[in-house]
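S.K.: This is the structure I have questions about; it appears just below.
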Amino acid sequence: MTEPVIRAQDLSKIVQSGDAPLTILDGVSFEVGAGATVAIVGASGSGKTTLLGLLAGLDRPTAGEVWLGDTALNGLSEDARAALRRRWLGFVFQSFQLLPALTALENVMLPLELAGAGDAAGRAREWLARVGLSARLSHYPKQLSGGEQQRVAIARAFCGEPQVLMADEPTGNLDGATGAEVVDVMFRLNRERGTTLLLVTHNAELASRCARRLSLAGGKLIGDDAVRESP
């Protein structure tokens, strides 16, 4: 494996449920190398989305540690973790998470502007062109199809040139054909940019596109399998 960009060690997450503790994750450990394509799979309630949130520093584990590169997240303040996310991570969600009052171009520009990046408009146009939306720059989310909205979300995620793209059920709200097109875009950008893909999914076809599959059940990592060579 190449030098890990993400490392999880003995991650556990326990929350209070009524009078009893509920274990969501239990002692999960693994590493992910640069440029890898990894699917996180498991039944509903197995801890997939919780794991993704811990890896992104959006939540803190009850026990264990996460590293992005050589930086441990546990000792960082909220502001420091947010700054690390901006440098390292891009996100794609099942529900797209586009701002309805902004055009496609403005949605992609926004994180660049917040980060103080130069030529936000030019970079946003470039990434929207890469996902095939040059003709939709001035369209608002409600004027776009579901597949087009997810392409905008992918452009927004990649425009900051993250080392890792994290996606939570990225095809969950799309029909089969549209979902396949969105998946093709993500894997093409993985090949072109060397971006690590970490995908939570119930979609067997999407999981099969990844070179590696992490399987969760009852909060435990029960499988870590090399499925195929990276596409």
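What follows draws every value from the coordinates through simple rules; no lab data is involved. Since the structure is predicted, the reported quantities are computational estimates derived from the model, not experimental observations. A quick note on method: Cβ atoms are made from the backbone with ideal geometry, for glycine too, and the neighbour counts reach across all protein chains shown.
S.K.: At a 10 Å Cβ-Cβ cut-off, how would you order Trp67, Trp88, Trp127, fewest neighbours first?
M.R.: Listing Trp67, Trp88, Trp127 from fewest to most nearby Cβ atoms yields Trp67, Trp88, Trp127.
S.K.: In addition: Provide the convex hull volume over Cα atoms per residue for region 1-113, in Å³.
M.R.: Cα convex hull per residue, to the nearest whole number: 154 Å³.
S.K.: What do you get when you divide the Cα radius of gyration of the chain by 2.2 N^0.38 Å, with N the number of residues?
M.R.: Normalised Cα radius of gyration, the chain: 1.01.
S.K.: Hey, got the dipole for region 4-226? About the Cα centre, +1 on K and R Cβ, -1 on D and E Cβ, debye to the nearest 20?
M.R.: Using only the charged Cβ atoms, the result is roughly 380 debye.
S.K.: A further question on this structure: So what is the 222 nm mean residue ellipticity for the chain from helices alone, if each DSSP H run of at least 4 adds -39500 (n - 2.57) and you divide by all residues, rounding to the nearest 500 deg cm²/dmol?
M.R.: -10500 deg cm²/dmol
S.K.: Cross-link partners among aspartates and glutamates for Lys220, C-alpha distance below 13 Å, same-chain residues fewer than 8 apart left out?
M.R.: Hits, sequence-local ones excluded: Asp10, Asp26.
S.K.: Compare Ala104, Ala155, Ala63 in a GNM of the chain, Cα atoms joined below 10 Å, and give the one with the largest fluctuation.
M.R.: Top of the fluctuation ranking is Ala63.
S.K.: If you don't mind, there's one more thing I want to ask. Taking the Cα-to-Cβ direction at Ala121 and at Ala101 and moving 7 Å from each Cα, how far apart do the two end points lie in nm?
M.R.: The two pseudo-label positions are separated by 2.1 nm.
S.K.: Where the centroid of each part is defined by its Cα atoms, how far is region 203-221 from region 182-197 in Å?
M.R.: Distance between centres, Cα-based: 18 Å.
S.K.: Would you list Ile222, Ile24, Ile6, Ile40 from fewest to most Cβ contacts within 10 Å?
M.R.: Ile222, Ile24, Ile6, Ile40
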